[in-house]
Each structure stands twice: as structure tokens, then as C-alpha cells.
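Beneath this line is the structure, given in C-alpha cells, with notes to follow.
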Amino acid sequence: MSADLRVNKPTPFFPEQPLIAFSRASNVALTIKSLEADKPVLITAFYSDGLDLLKALHQHLKKRFPNGTFIEQRAYRLAYQKLSKLIYIEIVNHKLIVKKAPAIGWLAKLYPEETRFLLPFTKVQGLNSAWQWYKNGIDLPVLRSKIHPYYGVYFPTRFDHLILFDNWLKRYDGPKKSAIDVGIGSGVLALQLVKFGFQKVYGTDTNPNAIVGLTESMGATKLSRKIELDFAPLFGKWEKQTELIVFNPPWLPATHDLDTNDAAISYPDTLFPDFFEAAKKRLLPEGKLVLIFSNLAQLTQVTEAHPIADELAVGGRFKLEQCLKRTVKAASNHTKRDQHWRATEDVELWVLVHA
């Protein structure tokens, strides 16, 4: 099935007119004014010129936007994204043509038929980082082997929720014939389930890159017979009941229309009602429904609502068996964002059973 999927990737740009050129000799202030007038700019000399322009753009926006609260930080990022996506760089024969540019394998892998095109500089940055993660792999404390996340697929950068799930699986003494991982992503939860002896894991995702990436990484190994994938929302084609359903949903409610990347971190209003309705039909009578969540939305004052607590209060479909919590480690010293709320953030593991 994955061979038929069209992966998500940055859209090539083929300008009809020459773009405003930018190099280290250009006037930065005038260039930013051009961006604010919706005029695209092309990095023409060194790769580092693009980095310098983005740095100047950050400094420019800091003067216009407060950047203290979580909501203010989100507004700042949206403004930055709007302007930065107008900064382009050229690719010829799958290579960046500016000087001292990184080699990015995704350019040939994702654009095999394109020989000359432009991409936003920030997208190229993302491709570069994603290529390093894909090529070198990422160590996770809950898995024996590295994961190699495909481009455009969310993967965890903090591990408290994975450790919480791992500890729960160690104590789980129920049947292990099958499990369903809703929103499988980079496959970490599914791999944890296999590690603890589940015979078959069915995984779904609405991101085609997740399905393509996992299919590629599993290849013809034993894992490909233990983990079965479906490109679909929620439970996809799997109607048969199972003893365990696992769901690590986005932890923040959406504040605007979602694109593919947003869908990994923000949820629409309908997600949880639709999920619980479908889960009720697919969970065996003695089965368990495990949701991994966080109090981040409440701490950052995005919302006071908690979708799992709300379901338990009024849904009438499930009841709480257990709720485990683990305090999140402090944010990295390298982050530039004010993340004071991390000191009181808890990741949560909710275990529900039929009411």
C-alpha cells in the first residue's frame, strides 16, 4: 500500500519572474520590508546568508511582538512563519547551488524527477535536520535499537511519557494477542508493545510519511509481520475487537486550521468524541484503553478543558481504572523559549475500561 501513497513534502516553487536576490552585501532592513510586502527573496551566495537573514528577521519581530506567555509565543511563531516562508533557495540536480551548503539526501529521495526548483529556506533547514536524524538514527531510552524517522514524521524529543508507558507495560498482565496503536507516527509505542510480547500490533496514521517510513524501515524483517499498517484516521480498516488500544494524541487544542505538521501537535474539536465512539466498538469486554496525555494545555492557559476527563464525566462509555503521572524534566538549557511551565508539567497515562 505504501508504494501508492504520495508523501508530504515541501512544494517546489517555479517562479515566473526573477526574485529579489539576497547576499551578505544586501541591505537587511530593506529585504525585510520586501518580505513584509509579500515579495519573495532568493539566497544567492552562501548558505549562511540565509541563516543570517532569519536571525535578523527574529530580531525584527522581537521588537513588534511580546514573547512572554505561551499564547504570545505562538503568535510570534506564526508571524515568523509567514515571513520566513518567502525566503527561498535554489536546488539544481538535487543539490543546493549556494556555497558551503549541506548535502541533503531527501532532495533526491523526495524529488527524483525534479532537476531545478526553489524551496523555502526554512523548509530546506527542516530537510537537512530530518536527513541527519534519518541517516544517523535516534536513541530512545525505551527501545533497544535506534529509530530512523522519515521526513515529516513526528518523533519524541522528550521521553517522560514513553518511560511512563514502558513502566505500565512492565506491570501489564493481560492477554497480548493484539493491540491497536492509533496514530502510530514514528512507531515508538508499537515497538514498545512488540518489545513486551504483543503478538500483533495494528497501527494507523493519517500522515502518509509515517506509513511509508515505517514500511521502509521494517522492510522484510520480523517486525513487518508483527506490525501491520493502515493509512487511515482513527481505527482505519480494523473492525475486530482487541484487548488493548493505545492512543498518544496531540496535547493541545487547535487554534487554527490544521496542516499535516500541526495535526501531530494540535487536535480538532471532533477528535476525542470520534475516537471514544469508535474505541467503544473495538475494545473487547475486558480490554483496556490507554491514553497518553499531559496537563500542558491547562498550564499554558490554552484551555481549562481536559478531553479525557470530560469523556469520563459525561460520555458514559468508559470508566477510569488508573491514572499515572510523571513530572516532566526541565526544558533544555539551549532552548530560547520561556518554558517556566515545564516545572509543573505532568505527563499522564490514563487507563480506561468499559463502563
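Observations
- Other-chain or far-sequence residues with amide H under 5 Å of A21's (modelled H): L42
- Extension gain (nm, one decimal) between Q199 and K62, 0.36 nm per residue minus Cα-Cα: 44.1 nm
- Inverse of mean 1/r across different Cα pairs in the stretch 146-249, Kirkwood, Å: 13.8 Å
- Its DSSP H runs of at least 4 residues, each contributing -39,500 (n - 2.57), put the calculated 222 nm mean residue ellipticity of the chain at -10000 deg cm²/dmol, to the nearest 500.
- Annotation: amide H of I184 within the under-5 Å range of T204, D205, sequence separation 5 or more or interchain, hydrogens built in the peptide plane.
- Couplings 3J(HN,Hα) for the stretch 237-253, derived from phi with the Karplus relation 6.51 cos²θ - 1.76 cosθ + 1.60 (θ = phi - 60°), are 7, 8, 9, 5, 6, 9, 7, 8, 10, 10, 9, 10, x, x, 9, 10, x Hz, where x marks Gly and Pro.
- Computed lengthening from E72 to K240, 0.36 nm per intervening residue step minus Cα-Cα distance: 56.0 nm
- Residue-wise HN-Hα coupling along the stretch 148-153, computed from phi with Karplus coefficients 6.51, -1.76, 1.60 (Hz; x: Gly, Pro): 10, x, 6, 4, x, 10
- Nonlocal amide H pairs with L229, under 5 Å, H built at 1.01 Å: G203
- Each label point was placed 7 Å from the Cα along the Cα-to-Cβ direction; for D173 and K222 their separation is 2.6 nm.
- Of K63/K99; K55/K85; K288/K319; K177/K226; K176/K288, those spanning more than 20 Å from alpha-carbon to alpha-carbon: K63/K99
- If you model the stretch 57-197 as an ellipsoid using its alpha carbon gyration tensor, with each semi-axis the square root of five times an eigenvalue, the axes come out at 36, 24, 12 Å, biggest first.
- Anchor K281: aspartates and glutamates whose Cα lies under 13 Å away (excluding residues fewer than 8 positions away in-chain): E239, E243
- Semi-axes of the equivalent ellipsoid for the stretch 108-188, computed as √(5λ) from the eigenvalues of its C-alpha gyration tensor and ordered from largest down, come to 34, 14, 11 Å.
- Positive-end extreme of charge dipole, the stretch 45-185 - chosen from N93, I163, F46 (charges on Cβ): F46
- Distance histogram for the chain (every C-alpha pair counted, 20 angstrom bins, percent rounded to whole numbers): 26, 54, 19, 1
- Solvent exposure of the chain, expressed per residue, is 51 Å² of accessible area, with all protein chains present and a 1.4 angstrom probe.
- Here the accessible area is traced with a 1.4 Å probe on the protein chains. For the chain, carbon and sulfur cover 52 percent of it.
- GNM on the chain, alpha-carbon springs under 10 angstrom: the most fluctuating residue among V188, V201, V314 is V314.
- Per-q log10 I(q)/I(0), the stretch 1-110, q = 0.17, 0.20, 0.21 Å⁻¹ (Debye; single scatterer per alpha-carbon; no solvent): -0.92, -1.12, -1.18
The values are calculated or read from the model by the stated rules, or taken from the named source; none is laboratory data. Predicted model, so just to flag it, every value in this text is computed and none were measured. No Cβ is skipped: glycine too gets one built from the backbone with ideal geometry, and neighbour counts run over all protein chains shown. Surface accessibility is based on the protein's heavy atoms, side chains included, excluding ligands, DNA and RNA. Shrake-Rupley method; radii C 1.70, N 1.55, O 1.52, S 1.80 Å.
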